[in-house]
Amino acid sequence: IGMLAVHPEYQNFGLGRKLLEAGSESARTDFACSKAKMFVLCGRPELLAWYSKAGYEASGERQAFFGPESRLTPLIEDAHFVVVEKALL
């Protein structure tokens, strides 16, 4: 599940949670997924907290922000994604 966003003017109305629930339900029913997995940028602790409230837990896995082949330099040192997961029951 990824690439979900709510315009800042419409945040705090429960729309993000509804999007996340709809994506999770579709993954479970339409694609027979038993687990949802997302990659959250390490510099966004507020997002990690939000996903935690929605039942996602850090898996302990991290994913590189840029692969070495990109030749790009991240703006923050040690930029990476924190992998979070949730069982879809």
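The values are calculated or read from the model by the stated rules, or taken from the named source; none is laboratory data. In this text the structure is predicted, and so the values were computed from the model without any measurement. For neighbour counting, all protein chains shown are included, and Cβ atoms are generated from backbone atoms with ideal geometry for every residue, glycine included. Note: accessible area is taken over every heavy atom of the protein model, side chains too, but ligands, DNA and RNA are not part of it. Shrake-Rupley method; radii C 1.70, N 1.55, O 1.52, S 1.80 Å.
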I want to confirm something. Restricting to region 2-35 and keeping residues that are in contact with a Lys or Arg (Cβ under 8 Å, 6 or more places away or on another chain) and open to solvent by 60 Å² or more (accessible area, probe 1.4 Å), which single residue is farthest from GLU77 (Cα to Cα)? SER34
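Quick grid of which residues meet (1) under 21 Å from LEU15 (Cβ atoms); (2) open to solvent by 70 Å² or more (accessible area, probe 1.4 Å):
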position	(1), (2)
LYS37	no, yes
ARG44	yes, yes
LEU47	yes, no
TYR51	yes, no
GLY55	yes, no
SER59	no, no
ALA64	no, no
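Given the condition part of a helix (DSSP H, G or I), over 13 Å from LYS86 (Cβ atoms) and within 12 Å of the chain's Cα centre (by Cα), answer yes or no: does some residue in region 39-46 qualify?
Yes, the conditions are met somewhere in region 39-46.
Here's a check for you: in region 75-89, which residue that is part of a loop (DSSP other than H, G, I, E, B) and acidic (Asp, Glu) is least open to solvent (accessible area, probe 1.4 Å)?
Within region 75-89, the subset part of a loop (DSSP other than H, G, I, E, B) is 75-79, 88-89.
Remaining after also requiring acidic (Asp, Glu): 77-78.
On the way: GLU77: 175, ASP78: 91 Å².
This residue is ASP78.
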